[in-house]
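K.L.:
Before I ask anything, here is the structure I am working with.
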Amino acid sequence: IRNRLIMEVIVMIKGDFTGFAAKHIDTILNLKDKCSGKKILLPKGTYAQKIYDKLFIGTTKDVHQTTQNQILKIGKEICFNNLKIKADFIDHFDLKQRPDNIEFFDFEQICLPLVLRNRKPGDRIKIMHGTKCIKKLLIDAKVPVNKRDNLCILSDRDGILWVVGLRRAYRAFINNNTKKILRVVYEN
């Protein structure tokens with residue numbers, strides 16, 4: 001059943017199974033005993049990779065979906081890396097009832113413009129005691145390697161505000177003196 005499943009995945013990706021043999025399937029199955037991150041190249045521009053406890057099969061010619069930076073205008077919805085993102089102002093909210101796809105910021109503590117972008121080498125996010133490298137954050141959260149370059153980051157002129165859906169920066173929090181609450185919502 002495992003062999004048949006792998007064959008069907010390869011056919012889904014490449015359209016046919018020509019150029020592949022039983023030895024390729026065995027090599028893919030042997031990845032389960034390897035460490036996370038191990039990658040093997042297969043015929044016809046395909047690869048298999050173990051990432052944590054999952055096995056990924058894909059094409060090496062896949063271009064990472066890197067979207068150019070986009071300015072997030074308040075009141076307008078934009079699409080970025082298969083996400084719909086919208087920012088608007090609200091009067092009040094209940095933090096206990098907040099869904100995971102929404103984040104709130106003190107608008108007066110933000111240095112406009114708000115920019116949506118992909119991660120860059122060396123990106124850092126402010127945490128309670130200092131900063132943390134985004135790469136380390138993604139490793140700690142066990143985000144698969146093949147999905148890391150497609151993450152959406154919300155930033156302003158002072159730096160990263162939110163790694164969308166993963167972690168917000170330790171700044172622009174709402175308090176009793178907040179006059180304008182900015183709500184940012186995303187949907188897949």
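The values are calculated or read from the model by the stated rules, or taken from the named source; none is laboratory data. A quick note: this is a predicted structure, and the numbers were derived from the prediction, not measured. No Cβ is skipped: glycine too gets one built from the backbone with ideal geometry, and neighbour counts run over all protein chains shown. These area figures cover heavy atoms from the full protein model, side chains too; ligands, DNA and RNA do not enter into them. Shrake-Rupley method; radii C 1.70, N 1.55, O 1.52, S 1.80 Å.
K.L.:
I'd like the full set of residues that are open to solvent by less than 80 Å² (accessible area, probe 1.4 Å), over 15 Å from residue 158 (Cα atoms) and part of a loop (DSSP other than H, G, I, E, B), limited to the range 102-121.
P.N.:
118, 119
K.L.:
Another question, if that's okay. Going through 93, 89 one at a time, which residue ends up being of a type in the set (Phe, Trp, Tyr) and either under 16 Å from the mean Cα position of the chain (by Cα) or surrounded by fewer than 13 Cβ atoms within 10 Å (Cβ to Cβ) (or both)?
P.N.:
None of the other options fit; the residue is 89.
K.L.:
Within the range 15-47, which residues are part of a strand (DSSP E or B) and under 17 Å from residue 148 (Cα atoms)?
P.N.:
Across the range 15-47, the qualifying residue is only 39.
K.L.:
Of the conditions (1) farther than 22 Å from residue 138 by Cα; (2) open to solvent by less than 70 Å² (accessible area, probe 1.4 Å), residue 80 clears all except one; give me its number.
P.N.:
(1)
K.L.:
Does the range 17-24 contain at least one residue that is in contact with a Lys or Arg (Cβ under 9 Å, 6 or more places away or on another chain), in contact (Cβ under 8 Å) with a residue 24 or more places away in the chain and either at positive phi or of a type in the set (D, E, K, R) (or both)?
P.N.:
Yes, some residue in the range 17-24 is in contact with a Lys or Arg (Cβ under 9 Å, 6 or more places away or on another chain), in contact (Cβ under 8 Å) with a residue 24 or more places away in the chain and either at positive phi or of a type in the set (D, E, K, R) (or both).
K.L.:
If you go through the range 28-57, how many residues are open to solvent by less than 60 Å² (accessible area, probe 1.4 Å) and more than 19 Å from residue 142 (Cα to Cα)?
P.N.:
Of the residues in the range 28-57, 8 are open to solvent by less than 60 Å² (accessible area, probe 1.4 Å) and more than 19 Å from residue 142 (Cα to Cα).
K.L.:
Another question, then. Considering (1) open to solvent by less than 20 Å² (accessible area, probe 1.4 Å); (2) within 13 Å of the chain's Cα centre (by Cα); (3) of a type in the set (D, E, K, R), say which one residue 147 fails and leave the rest.
P.N.:
With (1) open to solvent by less than 20 Å² (accessible area, probe 1.4 Å); (2) within 13 Å of the chain's Cα centre (by Cα); (3) of a type in the set (D, E, K, R) applied to residue 147, the lone miss is (1).
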